[in-house]
Amino acid sequence: MKYKFITSVLLSVILTLSLTVNARAAEMDAESQETFDTVMAFMGAIGSGDMDTAISLMADDMVWMNEGDKDMPWIGPWNGKEEILNFLPIFGANFKTTAWENTDAFALGDTVAVFGNMNGITTNSGKEIGAFTFALRAKVRDGKVVLWNWFEDSFAVSQAYHGK
């Protein structure tokens, strides 16, 4: 009897939480939803290697900012679609993502924030970085990504890159 009660309460809590999340998502205004969808589509395209979709979602004047150890060849900023397209293969050759999880994401107007956990290996040393958190601030204009501002544990990434 106690087991059925606990199960019933847990199911009610899960249902309530899921309805709350859906209600919040439904409250997003049209601009925020479009911005969110654009950023998630771009992230998915980059992650899956679908460069045709990624390119179609990039503004010509897009800026990709990734700060950190300038000895790592993928540290930017990278200004403009052409520079970014030249940089992406360099990043791909030097950093292999082994884990990725978006834990929170939301949009307001033209801006999206995404937070999560990831891990990777730097091919320069072959060392695994270890689990770390990331944050992303992205901006969209006219259905295209204009800013991709990436934040990560750049110290841990640099340490792994240099084999420390």
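The values are calculated or read from the model by the stated rules, or taken from the named source; none is laboratory data. All of these numbers come straight from a predicted model, not from anything done at the bench. All Cβ positions, even for glycine, are placed from backbone atoms using ideal geometry, and neighbour counts span all protein chains on display.
Taken over segment 124-142, the criterion of being farther than 30 Å from ASP60 by Cβ, surrounded by fewer than 17 Cβ atoms within 10 Å (Cβ to Cβ) and not small (Gly, Ala, Ser) is satisfied by ASN124, LYS127, GLU128, THR133. Of (1) crowded, with 17+ Cβ neighbours inside 10 Å; (2) outside any helix (DSSP H, G or I), SER32 satisfies all except one. Which? Result: SER32 fails condition (2) only.
For segment 107-133, residues that are at pLDDT below 95 and of a type in the set (Phe, Trp, Tyr) total 1.
Select, from MET58, MET28, MET72, the only residue that is at pLDDT below 95 and within 18 Å of TRP150 (Cα to Cα).
None of the others qualify; the one that does is MET72.
Of the residues making up segment 73-106, just one is over 15 Å from ASN119 (Cβ atoms), loosely packed, with under 14 Cβ neighbours inside 10 Å and in contact with a helix residue (DSSP H, G or I) (Cβ under 9 Å, 6 or more places away or on another chain), namely PRO73.
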